[in-house]
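What follows is a single structure, written as structure tokens, with notes after it.
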Amino acid sequence: MTMMTLVQLAQGEIKTHSVQQWILDNIIPLVLLAVALLLLWLGGGKGDNAGVMRRLAGVVIALAVIGLAVSGLGVNVGEWIAHLFTT
């Protein structure tokens with residue numbers, strides 16, 4: 001019985017779309033929540049508002065990079081930057 005199930009599974013095509021979608025839906029928001037809580041804990045208790053804002057700027061840049069990577073628009077942005085210097 002187990003061997004027949006394994007053979008049936010082996011005949012199917014392995015796709016990672018569901019795993020990728022699960023990561024986008026669950027892991028990324030949890031990591032962002034953890035980063036936000038860490039920023040509040042590190043800077044908020046000490047009154048270091050400028051330090052929190054510097055770290056927040058880094059987080060915003062990181063989110064922009066993640067957004068480009070996930071959306072697939074990185075090639076378009078690269079072409080746009082290349083056109084700034086070539087034309």
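The values are calculated or read from the model by the stated rules, or taken from the named source; none is laboratory data. Everything numeric here is computed off the predicted structure, so don't read it as measured data. Glycine also receives a Cβ, built like all others from the backbone with ideal geometry; neighbour counts cover every protein chain displayed. Please note that ligands, DNA and RNA were not included when accessible areas were found on the heavy atoms of the full protein model with its side chains. Shrake-Rupley method; radii C 1.70, N 1.55, O 1.52, S 1.80 Å.
Residue by residue through the range 9-33, note down the ones that are among the β-branched types (Val, Ile, Thr), at pLDDT below 80 and open to solvent by less than 100 Å² (accessible area, probe 1.4 Å).
Thr16, Val19, Ile23, Ile28
Among all residue pairs at least 6 apart or on different chains, which show Cβ distances below 8 Å where the first residue, located in the range 61-83, is under 20 Å from Asn26 (Cβ atoms) and the second is in a helix (DSSP H, G or I) and open to solvent by less than 70 Å² (accessible area, probe 1.4 Å)?
Listed pairs, sorted by first residue: Leu63/Leu32; Ile66/Ile28; Val70/Leu24.
Among the candidates Ala36, Ala69, single out the residue that is within 26 Å of Gln21 (Cα to Cα), in a helix (DSSP H, G or I) and open to solvent by 50 Å² or more (accessible area, probe 1.4 Å).
When all the criteria are applied, what remains is Ala69.
If I ask for residues that are of a type in the set (D, E, K, R) and under 25 Å from Leu24 (Cα atoms), which ones from the range 34-60 would you list?
Arg55
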